[in-house]
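Read the structure below first, then the notes.
The values are calculated or read from the model by the stated rules, or taken from the named source; none is laboratory data. These numbers were taken from a predicted model, which means no experiment stands behind them. Don't worry about glycine lacking a Cβ; one is built from the backbone with ideal geometry, like all the others, and counts go over all protein chains shown. Remember, those area values only see protein heavy atoms, side chains included, never the ligands or the DNA or RNA. Shrake-Rupley method; radii C 1.70, N 1.55, O 1.52, S 1.80 Å.
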Amino acid sequence: MTDPLFEFLCRMGDNTLVLGHRVSEWCGVAPVLEEDIALANTALDLIGQTTLWLNLAGEVEGKSRDADALAFRRDVWEFRNVLLVEQPNGDFGQTMMRQFLFDLWHKGMLTALQDSSHDQIAAIAEKSLKEVTYHLERTTDTVIGLGDGTDESHARMQKALDRLYPFVGEMFVADDVDGAMVAHGIAPDPAHLRPEFDATLDEVLSNATLVKPDSEFAHKGGKSGQRHSEHLGHMLSQMQWLQRAYPDATW
Amino acid sequence: MYAQMIKSTGKGVKSLDEMEPEERAFQERINAGGKIEPKDWMPDGYRKTLIRQIGQHAHSEIVGQLPEGNWITRAPTLERKAILLAKVQDEAGHGLYLYCAAETLGVSRDQLTRDLLSGKMKYSSIFNYPTLTWADMGAVGWLVDGAAIMNQVPLQRTSYGPYARAMVRICKEESFHQRQGFDIMMKMANGTEAQRKMAQDALNRFWYPSLMMFGPSDKDSVHSAQSMAWKIKMNTNDELRQKFVDQTAPQAAYLGLTIPDEHLEWNEERGHYDFSEPDWDEFFDVLQGNGPCSVDRMEARNKAWDEGRWVREGLLAHAEKKRARKMAAE
Ligand SMILES: [Fe+2]
Ligand SMILES: [Fe+2]
Ligand SMILES: [Fe+2]
């Protein structure tokens, strides 16, 4: 088995990398100018966090790979992000719902990671948490605003929730890597983050007049890397193209 | 220069003696270097010309997101991706400041947006050219932001207060963009053979379109004369273009790249570079909507606006519901 700490750091960094990339796909085509700015801001924060997580992952691995090597030179099966973040943008509602669901998990995770026994992880978490707290405020407002907006915006947000809810469960499933992190006091058991997540989710959805789907079915395979969706490969083929087409170049 | 061929009143510039007292006081204030603020009296032509100019500038910032946005998802490193994202975000911010400045003149952002989307208002010709390789991200920052700065630095002293203040904020960021662009060009020009090729190719494609950004010679234009009297245009197009060439030619040499102009040469007597004019027919074609990417750009903006309608309406409806609930509770 690969070093669980390396695995864990890749999970954190790949989540922010893949989601940051998705959000950056909105550049210049958001519904209003203020959203262009806000989306770019979110993407920037996530890319910044990626650099911190993946550089640390590279350090831990000790094979002289840095964040860029990990981001641009791994293939689909080596990615450890949850399936939620690789889902396509869809309409603005789907993008916002995906971001909200992730932000809500992310905030809980980072809050717990501030107490990590690993100093560098605690420091990254503390820095990231400031940014993510703001992301969550924004996406909460947007989900409520659009859920409780017009009939059309309500219907679109409900559809987005239905589409994405099956990807929520994976964020809370614990496996051996998580077990090792808990044993070393490095990271929390993700399952323990669920009650608070659910409480906030229920409250926000109620304010948004949206209904949580009945089924708790959860897709899996992203954070373990065992079975990503088809979407990730297309993203990587775009994201990694220059690095792979001109492997001797520096940029 | 993001504002090209702005029409003014089309009449000659009046002398102070020909003016009514109000207008005379207005012009004298400008002549003395004073600022005009939104609540001050201003001639109708001044207001309209400024709306056209600031509006076109704002639209250019907005459409200008697209050619660079084209490379965000393909940026070669995390750092380059972050720098490019931040740059494009700045441009959206510039658009926002400028729309706000235009709103102080009594036109809404929505109205200006509709005029852009219908093709009634224009944006800078430069954004109708494609960005084809990563070196174009360097060339755009170096040349396009570079040319924009030439025009915008003097506009920090323009007579209209809100416009001048917007320019101060914008100029700081634009010079940052130019340095970042130059930095990409350096990496490319000193990189592998393929990278050097990309860098030269980018310069070849962006050189003349950058010169066109200043617009055709306007030394005999009545529109320009009026705008200059009002200090909403500070230099002639030719002056700015010359300044740009004088600044850029040594930079290209430093990069080891060749400007695609066999007539480019230092003229000791004039103390300036001699250079070839761009193809002005091409420029007018682009303004007519026949630029290589004109249709793509307008399609992209219209699509974003149309697909965003439900979001804007939804958020508005929610805000109204909230207000109504609050009133009911009071
Ligand atoms: Fe700008
Ligand atoms: Fe610009
Ligand atoms: Fe710029």
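Remarks
- Against the list (1) more than 10 Å from chain B (Cβ to nearest Cβ); (2) open to solvent by less than 40 Å² (accessible area, probe 1.4 Å); (3) over 15 Å from the mean Cα position of the chain (by Cα); (4) not charged (D, E, K, R), the condition A:ALA38 fails is (1).
- Test result for B:SER210, touching a Gly at 6+ places or on another chain (Cβ under 8 Å) and either open to solvent by less than 20 Å² (accessible area, probe 1.4 Å) or assigned to a helix (DSSP H, G or I) (or both): yes
- Note on region B:114-155: among residues that are away from chain A (no Cβ under 14 Å) and outside any helix (DSSP H, G or I), the one that is nearest to ligand 1 (Cβ to nearest atom) is B:SER124.
- Per-region count, region A:139-166, residues at the interface with chain B (Cβ under 9 Å from one of its Cβ atoms), of a type outside the set (D, E, K, R) and assigned to a helix (DSSP H, G or I): 8
- Residue check for A:HIS234: modelled with pLDDT of 95 or more, open to solvent by 70 Å² or more (accessible area, probe 1.4 Å) and outside any loop (DSSP other than H, G, I, E, B): yes
- So B:MET167, is it modelled with pLDDT of 95 or more and either within 16 Å of ligand 1 (Cβ to nearest atom) or open to solvent by less than 20 Å² (accessible area, probe 1.4 Å) (or both): yes
- Breaking point among (1) over 24 Å from the mean Cα position of the chain (by Cα); (2) surrounded by fewer than 18 Cβ atoms within 10 Å (Cβ to Cβ); (3) at negative phi, for B:GLY256: (3)
- Flag for B:ASP90 being assigned to a helix (DSSP H, G or I), open to solvent by 20 Å² or more (accessible area, probe 1.4 Å) and closer than 26 Å to B:PRO209 by Cβ: yes
- Hits in region B:1-17 - residues which are surrounded by 18 or more Cβ atoms within 10 Å (Cβ to Cβ), farther than 16 Å from B:PHE127 by Cα and either without any contact (Cβ under 8 Å) to a residue 12 or more places away in the chain or among the polar types (S, T, N, Q) (or both): B:SER8, B:THR9
- Residue in region A:204-216 that is open to solvent by 40 Å² or more (accessible area, probe 1.4 Å) and closer than 22 Å to A:CYS10 by Cα present: no
Rundown of residues vs (1) under 30 Å from B:ARG47 (Cα atoms); (2) under 16 Å from the mean Cα position of the chain (by Cα); (3) more than 16 Å from ligand 3 (Cβ to nearest atom); (4) within 14 Å of chain A (Cβ to nearest Cβ), yes/no style:
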| residue | (1), (2), (3), (4) |
| --- | --- |
| B:GLU173 | yes, yes, no, yes |
| B:ASN204 | no, no, yes, no |
| B:ASP220 | yes, no, yes, no |
| B:ALA225 | yes, no, yes, no |
| B:LYS233 | yes, yes, yes, no |
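- Residues being closer than 30 Å to A:TRP241 by Cβ and either touching a residue at least 24 places away in the same chain (Cβ under 8 Å) or polar (S, T, N, Q) (or both) - total across region B:28-80: 17
- In region A:217-228, the residues that are within 20 Å of A:PHE8 (Cα to Cα) and open to solvent by less than 70 Å² (accessible area, probe 1.4 Å): A:GLY221, A:GLY222, A:LYS223, A:SER224, A:GLY225, A:HIS228
- Scanning region B:74-88 for residues that are more than 12 Å from ligand 2 (Cβ to nearest atom) and within 7 Å of another protein chain (Cβ to nearest Cβ) yields B:ARG74, B:PRO76, B:THR77, B:LEU78, B:ARG80, B:LYS81, B:ALA82, B:LEU85, B:ALA86.
- Residue within region B:186-196 that is closer than 30 Å to B:PHE26 by Cβ and either within 14 Å of chain A (Cβ to nearest Cβ) or within 13 Å of ligand 3 (Cβ to nearest atom) (or both) present: no
- Residue-level check: of (1) open to solvent by less than 10 Å² (accessible area, probe 1.4 Å); (2) outside any helix (DSSP H, G or I); (3) under 19 Å from A:MET157 (Cα atoms), A:GLY90 misses just (1).
- For A:ARG65, the criteria (1) open to solvent by 20 Å² or more (accessible area, probe 1.4 Å); (2) more than 14 Å from chain B (Cβ to nearest Cβ) hold in every case but one, which is (2).
- Residues located in region B:249-287, provided they are in contact with a Ser or Thr (Cβ under 8 Å, 6 or more places away or on another chain) and not charged (D, E, K, R): B:ALA252, B:ILE259, B:HIS263, B:LEU264, B:PHE283, B:VAL286, B:LEU287
- Only one of A:LEU129, A:LEU46, A:LEU136 that is in contact with a helix residue (DSSP H, G or I) (Cβ under 9 Å, 6 or more places away or on another chain), in a helix (DSSP H, G or I) and buried (at least 23 other Cβ atoms within 10 Å of the Cβ): A:LEU46
- Sole residue being closer than 22 Å to A:ALA125 by Cα and open to solvent by 50 Å² or more (accessible area, probe 1.4 Å), chosen from A:ALA187, A:ALA183: A:ALA183
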